[in-house]
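Let me begin by presenting the structure, written as structure tokens, before commenting on it.
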């Protein structure tokens, strides 16, 4: 059941600052972004544990009425240069309709969720994501996905430039290696939160469920 628009939450304990910076967020102005949780990526990164954390976070977000958006990387039929360049780097972008492109069956999205496909790491590039979020009054983003140094960082940096307040959920993200994951999260916190802030899924859920 969704009671979007009626539930304010307490600040999330995060690094380097509590989220959101102005102290107020609610089910009316916050969205959960699930980036790149596709069958091919989850398999390649052995990311089932991270995906499980994200599913738990999704359930909590749905219970509290947060808007949900999910993204998939896809090789567009027009031969988009971004996808072609990724292929030359050994990062194969899956074709639409392939098993690797699809979400796992465990990822059951609410009927109100926005699903977008994009060729590169940035979920805002050549997609209606910014418009769809802003038309709904969304200003705060909880971000989870794969990989940390790809979709998460590129999308969060862009969102920050667009004026969204961003939090990366550290254990609901995973890099192509633990070293890259940790390094990318450090970059996120540079300059007292240059690109946003980070927290655990437990900290997010604690704020969502606190009465």
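Determine if the range 8-28 includes at least one residue that is free of Cβ contacts under 8 Å to residues at least 40 places away in the same chain, assigned to a loop (DSSP other than H, G, I, E, B) and surrounded by 15 or more Cβ atoms within 10 Å (Cβ to Cβ).
yes
Could you list all residues from the range 30-40 that are over 10 Å from residue 173 (Cβ atoms) and either in a strand (DSSP E or B) or touching a strand residue (DSSP E or B) at 6+ places or on another chain (Cβ under 8 Å) (or both)?
30, 31, 32, 33, 34, 37, 38
Identify, from the list 151, 109, the residue that is over 18 Å from residue 19 (Cβ atoms), touching a strand residue (DSSP E or B) at 6+ places or on another chain (Cβ under 7 Å) and surrounded by fewer than 17 Cβ atoms within 10 Å (Cβ to Cβ).
Answer to the check: 109.
Listed here are the residues, each with its yes/no results for (1) more than 13 Å from the chain's Cα centre (by Cα); (2) modelled with pLDDT under 95.
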| position | (1), (2) |
| --- | --- |
| 134 | yes, no |
| 137 | yes, no |
| 171 | no, no |
| 176 | yes, yes |
| 179 | yes, no |
| 208 | yes, yes |
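Of (1) modelled with pLDDT of 95 or more; (2) more than 23 Å from residue 178 (Cα to Cα); (3) under 15 Å from the mean Cα position of the chain (by Cα), residue 125 satisfies all except one. Which?
The failed condition is (1).
List every residue pair whose Cβ atoms sit under 8 Å apart, with the two residues 6 or more apart in sequence or on different chains, where the first one lies in the range 185-208 and is farther than 13 Å from residue 168 by Cα and the second, anywhere, is in a helix (DSSP H, G or I).
Qualifying pairs under 8 Å: 205/56; 205/57; 205/60; 208/60; 208/61; 208/63.
Residue 178 passes all but one of (1) out of contact with any helix residue (DSSP H, G or I) (no Cβ under 8 Å at 6 or more places or on another chain); (2) surrounded by 15 or more Cβ atoms within 10 Å (Cβ to Cβ); (3) more than 25 Å from residue 22 (Cβ to Cβ); which number fails?
Answer for residue 178: the failing condition is (2).
The values are calculated or read from the model by the stated rules, or taken from the named source; none is laboratory data. These numbers were taken from a predicted model, which means no experiment stands behind them. With ideal geometry, Cβ positions are generated from the backbone for all residues, glycine too; neighbour counts draw on all protein chains shown.
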